[in-house]
Structures are given as structure tokens and as C-alpha cells.
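I have placed the structure first, in the form of C-alpha cells, so that the comments after it can refer back to it.
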Amino acid sequence: MDTIVGVGGCGVRVVDYIARNTPGFNLAAIEKEKSVLDRSLASHKLFIGEEGMSDSELFYFGVYLAEKHRKKIISFLRGFQALVFVAGFGQTSSGMLPVMAAAVNDLGIPMKAIVSIPFGFEGKLCAARAERGISVLQAENIDMCVLSMGAETAWLSKFATFRDAMEKMDEIMARRAVEAVGWESEAHPDNRK
């Protein structure tokens, strides 16, 4: 069975959105903040956190966390037939997901990634971290859908709040993740169990 895996805060929000609005999917969450993970509605949860680093080092902190907990991550993901990763890039997940994807590639588990890039007002540093994560995933030949938060929510009223935009983005990412489920068994019927 395909599993939708939320990585980081945004990914966990998307998995929770799916759990509330489209039940019946196998959902997992990987997060560095214990309180976020504890509140998650995902059936499978993996905590890989510890004390943070400065804002400018978030990409590298994500790489560090994923590398440090690589064995734990591999053990956690090994039992799933196919994976759809969901993550918001621009913060720690930009570094975590590429390391996880490389580990999954090593296991031979089919995967896709649905990632969002930050709103323009979140700054150049956030955008640079997102671009770095995307280029690492591209170098690993990961099948990926990249969503621009600004472009996807541009139609919202100028009176919409940041929270409104984030909730709409969670909905859009959730829809894309749900649409991606089942792609592996459709493409390769012999892989069905």
C-alpha cells in the first residue's frame, strides 16, 4: 500500500489535512519537533529532533538530522510498498527530505515527492534553501511535483490572512498527494500485493 509521508511541519500539516478530510489513506509523519508529532493524526510517526541551530543553518540542520537518524529512518520506511513524500521547502525539510529520498532509493522503494517553495515575502534565504533541496532531489532523479506557494494562492483576496494562504496550500498539497497515491501499482501491475 502506498503511504503518504509528511516531512517537517508543513508535511505533517498536509498529512493531518488528509486524515481529517479524506480518511482511508496510510499516513506517516517524520518531524523534529515532538509537540507537532504528538498532535499529528498520522498512523505512523517518527521523531528525529534535537536542539536547533541558527536560522541560516536550517538546510544543513535538516541534512544533519536525517544523516544522524538515517538508520532509524530506513527502518521506519522499509515496511512501506511505495511512498509519496510531502514537504514544504525553505526550512529544515529542505535538507531532510533529500537525505531521506537517497536512503529510500537505496532500498529500492518507489517514491514521489510533492514539495512547496515558499512565499516571496519569506525572503531570499528561505528561497535559496528551497532551491538547494530541489536541486539535490533532481540530482537523485526523484519524481517530484514542485508547487509555488505564491503562485498557487495568488488568487486569494488581498484581505486573506497568512493563515488562510497556508491552509489553502495545505489543501492543494493534500490533493496532489492523494492523486499521486497508487501511481506505482498502476504503472507496474506486477508490484501489487
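The values are calculated or read from the model by the stated rules, or taken from the named source; none is laboratory data. Predicted model only: the values in this text are computed from it and were never measured. All Cβ positions, even for glycine, are placed from backbone atoms using ideal geometry, and neighbour counts span all protein chains on display.
Given (1) closer than 20 Å to residue 170 by Cα; (2) part of a helix (DSSP H, G or I); (3) without any contact (Cβ under 8 Å) to a residue 40 or more places away in the chain, identify the lone condition not met by residue 113.
All conditions are met except number (2).
Just need a number here: residues in segment 19-41 that are assigned to a helix (DSSP H, G or I) and either under 13 Å from the mean Cα position of the chain (by Cα) or within 21 Å of residue 90 (Cβ to Cβ) (or both).
Here the count works out to 3.
What residue, among those in segment 42-62 that are part of a helix (DSSP H, G or I) and crowded, with 19+ Cβ neighbours inside 10 Å, is modelled with the highest pLDDT?
So, considering only residues that are part of a helix (DSSP H, G or I) and crowded, with 19+ Cβ neighbours inside 10 Å, the one modelled with the highest pLDDT is 62.
Surrounded by 23 or more Cβ atoms within 10 Å (Cβ to Cβ), touching a Gly at 6+ places or on another chain (Cβ under 7 Å) and at pLDDT 90 or above: is that true of residue 7 in this structure? Explain how you work it out, then say what you get.
Values: surrounded by 23 or more Cβ atoms within 10 Å (Cβ to Cβ): yes; touching a Gly at 6+ places or on another chain (Cβ under 7 Å): no; at pLDDT 90 or above: yes.
For residue 7, the condition - surrounded by 23 or more Cβ atoms within 10 Å (Cβ to Cβ), touching a Gly at 6+ places or on another chain (Cβ under 7 Å) and at pLDDT 90 or above - is not met.
May I ask you to verify whether residue 119 is of a type in the set (Phe, Trp, Tyr) and touching a Phe, Trp or Tyr at 6+ places or on another chain (Cβ under 9 Å)?
Yes: the conditions hold for residue 119.
Could you please tell me which pairs satisfy a Cβ distance under 6 Å, a separation of 6+ or placement on different chains, a first residue in segment 85-101 that is under 22 Å from residue 167 (Cα atoms) and in contact (Cβ under 8 Å) with a residue 60 or more places away in the chain, and a second residue that is buried (at least 24 other Cβ atoms within 10 Å of the Cβ) and among the polar types (S, T, N, Q)?
From residues that are under 22 Å from residue 167 (Cα atoms) and in contact (Cβ under 8 Å) with a residue 60 or more places away in the chain, the pairs are 87/93; 88/116.
Considering segment 96-126 alone, what residues qualify as being over 21 Å from residue 81 (Cα atoms) and over 11 Å from the mean Cα position of the chain (by Cα)?
Answer for segment 96-126, where residues must be over 21 Å from residue 81 (Cα atoms) and over 11 Å from the mean Cα position of the chain (by Cα): 117, 118, 119, 120, 121, 122, 123, 124, 125, 126.
Select from segment 132-145 the residues that are surrounded by 16 or more Cβ atoms within 10 Å (Cβ to Cβ) and either of a type in the set (Lys, Arg) or modelled with pLDDT of 90 or more (or both) and list them in ascending order.
If the condition is that a residue be surrounded by 16 or more Cβ atoms within 10 Å (Cβ to Cβ) and either of a type in the set (Lys, Arg) or modelled with pLDDT of 90 or more (or both), then 132, 133, 134, 136, 137, 144, 145 are the ones that fit.
Take the residues in segment 150-169 that are closer than 17 Å to residue 9 by Cα and out of contact with any Asp or Glu (no Cβ under 8 Å at 6 or more places or on another chain), then tell me which one is surrounded by the fewest Cβ atoms within 10 Å (Cβ to Cβ).
163
For every residue, the table says whether it meets (1) of a type outside the set (Val, Ile, Thr); (2) closer than 19 Å to residue 2 by Cβ; (3) touching a strand residue (DSSP E or B) at 6+ places or on another chain (Cβ under 7 Å); (4) at pLDDT below 90.
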site	(1), (2), (3), (4)
88	yes, no, yes, no
91	yes, no, no, yes
99	no, no, no, no
105	yes, yes, no, yes
110	yes, yes, yes, no
115	no, yes, yes, no
119	yes, no, no, yes
123	yes, no, no, yes
